[in-house]
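J.: Let me begin by handing over the structure; questions about it come next.
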Amino acid sequence: MVDMAMFLGALLIVYVVPGPDMILLLETGVLRGRGQALAVAVGLAIARAAHVTLAALGLAALFKTHPWAFDAARTVGGCYLVWLGVRLLRAGPVSYDAVGQAAPRQAGWSGALLSGVLTNVLNPKALLFCSVLLPQFVSPAHGPIGQQFAVLGVILVGLGLAFDVMCALAGGAVGRWMSASPRAQKIQSRIFGVALIGFGLRLTIAQRPA
């Protein structure tokens with residue numbers, strides 16, 4: 001395979017730049033607890049694995065040959081992020097139990113996992129990213145193409161999951177620290193809500209792939 005250090009560097013840059021995935025992780029950790037934030041991280045990993053699979057199958061080309069598919073995906077994804085943001089703006093403070101775990105809100109673990117899957121899988125830019133990045137590090141001279149895609153995909157998903165787990169734990173720690181201040185929780189909800197709405201609107205007006 002070609003230049004693993006460059007591949008890892010590209011992934012690190014993408015993962016550390018704030019985006020809807022990171023905002024969702026931090027929001028869930030701060031406002032709903034570490035457990036649900038970890039469920040979101042698992043959901044994001046599932047979605048990334050799906051994107052890698054679709055990229056390997058060449059289905060990302062659908063967005064170039066059928067622009068309406070990109071428009072539909074970004075509109076649905078953007079509306080979902082806006083809905084998450086509005087829900088946060090309307091949410092109340094969270095109570096914590098004796099061990100610092102947030103009391104269940106919404107659909108618990110299953111709902112958190114689903115929100116992680118949908119937030120990433122409904123973002124067509126995530127699929128385009130995989131379809132553009134992975135082929136740059138695949139070469140017929142280095143063995144079977146499918147095997148190379150599989151190895152790079154495992155690295156992409158694994159590194160993303162590790163980063164997401166750190167964000168989830170950090171958000172959970174901040175949430176326990178803020179548990180005594182409903183006012184602080186409300187401010188955090190508004191910040192995260194506005195951020196998600198902003199990302200949703202930006203995705204909705206995203207340019208079609210060239």
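The values are calculated or read from the model by the stated rules, or taken from the named source; none is laboratory data. In this text, all values refer to a predicted model and were calculated from it rather than measured experimentally. Note: ideal-geometry Cβ built from the backbone for every residue, glycine included; neighbour counts use all protein chains shown.
J.: Only one of Q106, Q136 is modelled with pLDDT under 85, under 26 Å from G175 (Cβ atoms), surrounded by fewer than 19 Cβ atoms within 10 Å (Cβ to Cβ) and in contact with a helix residue (DSSP H, G or I) (Cβ under 9 Å, 6 or more places away or on another chain). Can you tell me which?
T.: That would be Q106, the only listed residue that is modelled with pLDDT under 85, under 26 Å from G175 (Cβ atoms), surrounded by fewer than 19 Cβ atoms within 10 Å (Cβ to Cβ) and in contact with a helix residue (DSSP H, G or I) (Cβ under 9 Å, 6 or more places away or on another chain).
J.: Taking the range 116-129 as the region of interest, how many residues are assigned to a helix (DSSP H, G or I) and surrounded by fewer than 23 Cβ atoms within 10 Å (Cβ to Cβ)?
T.: Residues flagged as assigned to a helix (DSSP H, G or I) and surrounded by fewer than 23 Cβ atoms within 10 Å (Cβ to Cβ) within the range 116-129 amount to 6.
J.: So, in the range 15-51, of the ones that are surrounded by 21 or more Cβ atoms within 10 Å (Cβ to Cβ), over 11 Å from L196 (Cβ atoms) and among the β-branched types (V, I, T), which residue ends up modelled with the lowest pLDDT?
T.: Checking each candidate, the answer is V30.
J.: Another one. Scanning the range 76-103 for residues that are hydrophobic (A, V, I, L, M, F, W, C) and modelled with pLDDT of 80 or more, which turns out nearest to the chain's Cα centre (by Cα)?
T.: Ranking the candidates gives L81 first.
J.: Sticking with this one: Among the residues of the range 7-30, how many are among the aliphatic types (A, V, I, L, M) and farther than 17 Å from L81 by Cα?
T.: 9
J.: Using the structure shown, decide if F163 is of a type outside the set (G, A, S), under 20 Å from L38 (Cβ atoms) and at pLDDT 80 or above.
T.: yes
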